[in-house]
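Accompanying notes for the structure given below.
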Amino acid sequence: MSSPEIASLSWGQMKVKGCSTTYKDCKVWPGGSRTWDWRETGTNHSPGVQPADLEEVVKKGVKTVVIGRGMSEALQVPASTVDYLKQKGIDVLVLQTEKAVAEYNALAAQGVQVGGIFHSTC
C-alpha cells in the first residue's frame with residue numbers, strides 16, 4: 001500500500017489526494033489519512049509533538065516519519081519524540097511544514113513507506 005500524496009497546502013488547510021476532507025492538521029500513512037486532533041493527547045505548541053501523537057502512524061509499519069512543525073515552525077518537537085522514533089528503527093525528518101510536505105511527497109513518490117504529521121498554521 002502506498003502513502004497518499006498531499007495534494008495541497010495553504011495556511012490552515014491541507015488536502016490529501018483521494019480524500020474529500022480538508023484538514024487543518026493531519027496524519028498520513030500508507031493507505032490513509034485523518035485529522036490530527038491535538039486534544040486527543042493534550043498536545044500544544046510547547047512542549048510539542050509527543051510520542052502518543054505518532055503511535056497511530058508508527059503502527060502502520062512506516063519506515064520514515066516526516067513531522068511538519070508549522071508554517072512559522074512554532075510547533076516544538078522534543079528530543080524524546082525523535083528518540084522514540086529512532087528506537088523503533090524509523091527515520092525521522094523534522095521540517096517547516098511546506099518543506100515537510102515536499103519531502104513527504106517526494107518519499108511517497110519513490111515508494112517509501114512514509115508517514116507524517118503536519119501542522120498547517122503557525
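The values are calculated or read from the model by the stated rules, or taken from the named source; none is laboratory data. Every value quoted in this text rests on a predicted model; they were computed, and no experiment measured them. Methodologically, a virtual Cβ is constructed for each residue, glycine included, from the backbone with ideal geometry; neighbour enumeration extends over all protein chains shown. Heads up: the accessible areas ignore ligands, DNA and RNA and are worked out on the full protein's heavy atoms, side chains in. Shrake-Rupley method; radii C 1.70, N 1.55, O 1.52, S 1.80 Å.
Which of the peptides 69-78, 27-36 is most tightly packed, and how do the rest follow, judged by the mean count of other Cβ atoms within 10 Å per residue? Present the calculation step by step, with values, prior to reporting the outcome.
Numbers: 69-78: 17.9, 27-36: 19.8.
Highest mean packing first, the order is 27-36, 69-78.
In whole angstrom, how far apart do the alpha carbon centroids of the range 53-75 and the range 4-45 sit?
Between the Cα centres of the range 53-75 and the range 4-45 lies a distance of 11 Å.
For LYS17, list the aspartates and glutamates whose Cα falls under 14 Å from its own Cα; do not include residues on the same chain fewer than 8 positions away.
GLU5
First compute the accessible area of the chain with a 1.4 Å probe, then give the percent of it belonging to carbon and sulfur atoms.
Roughly 48 percent of what the probe reaches on the chain is carbon or sulfur.
Quick test of the membrane-span-like rule: which DSSP H helices of the chain reach at least 20 Å along their long axis (C-alpha atoms) with mean Kyte hydropathy at least -0.5?
Span-like helices, by this rule, are absent here.
List the extent of the Cα atoms of the range 1-67 along each of their three principal axes, largest first, rounded to whole Å.
31, 29, 17
Just to confirm, what accessible area per residue do you get for the chain at 1.4 Å probe, in whole Å²?
On a per-residue basis, 48 Å².
Starting from the Cα-Cα distance between VAL58 and SER20, subtract it from 0.36 nm times their residue separation and give me the gain in nm to one decimal.
Details: separation 38, 0.36 × 38 = 13.68 nm, distance 2.38 nm.
That pair, VAL58 and SER20, stretches by 11.3 nm at full extension.
Could you work out the relative contact order of the range 6-118? I mean the mean sequence separation of Cα pairs under 8 Å and 6+ apart, divided by the number of residues, in percent.
Contact order relative to length: 29 percent.
With equal scatterers on the alpha carbons only and no solvent term, can you work out the Debye log10 of I(q)/I(0) for the range 6-118 at 0.15, 0.16, 0.23 1/Å?
With one equal scatterer per Cα and no solvent, log10 I(q)/I(0) is -0.56, -0.64, -1.48.
Could I get the Rg over Rh figure for the range 75-120? Both from C-alpha atoms, Rh via Kirkwood, rounded to two places. Can you show the working numbers first?
Working: Rg = 11.0 Å, Rh = 11.4 Å.
With Rg and the Kirkwood Rh in hand, the quotient comes to 0.97.
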